[in-house]
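Encoded as structure tokens, the structure appears first; notes follow it.
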């Protein structure tokens, strides 16, 4: 094992076969494992797991009555895929097995399940993004991206001039009011305004810098940096605010910092980059220069373990939401912070 410090973390050079410190307990009960395990200082802690709206806040009698009268529906999670979160307000989850989108109100515990827009039912809803008071949803089978209200009312179709091949991951940049759409089939990321105008495209098929092979997820941080999960190139590519290539992280392999099938991606308030690896059933964490820091999770069914994890989102309190698709749940973790005097510089 090799250790070195960077930005308040201990960078641990260990193989992917090492797991967290979860014990054999029921999935939605304790304990709440931490990473790295003792005696090292914990950086990540499991907070809770839930399988549907009933695990958020138990609704009152009047909430339940309102749900009956308004026709809103709660559904347990089937196979959660992409996740979008706004702390204290909304958690939105696409569900390909149930062919719909879960909308959870984090303040009240109310939940709604959207399975259609107008008279068209979702077939393969993949990506979700919170765009202010609206939601964006991509359906890879229908080859469409829609802006809708929280109740599922249609607002606008986002259309690519030559048509989407397979739209998947979505991200919204509130600074520019731009929506980023991964078109996996075309190996590119398309940038739209909320009026549906195509602003630009990023990428093309291939394995070189700025090229993609089966891109799936995308994230934009508060500085305008763009992070694209380039799944079949086994890497994440990072671009600056003007789409210039900055660096990449990961490569194919089974060592720390390598990927099997990278999927969901997000960045916390400290600039740490979190990447879900569906193949290795874990989440890998890198610093803002792409250096591997830590991974948490392993294959399994209990807290802190995953079965084909997919999407990932981080709220402004540095809670980490991971879509644990084949365990039919969302797991929530907390970044515990770190004391450091080292600057968080970016290249």
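Quick look at the values:
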item: Cα gyration tensor category, rounded, prolate or oblate, for the stretch 42-335 with a/c compared to 1.5; result: oblate
item: Gain upon complete extension [residue 149, residue 195; 0.36 nm per residue less C-alpha separation]; result: 15.1 nm
item: Calculated FRET value between residue 301 and residue 177, using beta carbons and R₀ = 35 Å, to 0.05; result: 0.25
item: Estimated inter-spin distance, residue 223 and residue 336, nm [label 7 Å along Cα→Cβ]; result: 2.7 nm
item: Net length gained if the chain between residue 232 and residue 47 were fully extended (0.36 nm per residue, minus Cα distance); result: 63.4 nm
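Computed from the coordinates by the stated procedures, all read-outs in this text should not be read as laboratory data. Predicted, not measured: the structure shown is a model, and the values here were computed from it. Counting neighbours? That spans all protein chains shown, and the Cβs are built from the backbone with ideal geometry, glycine included.
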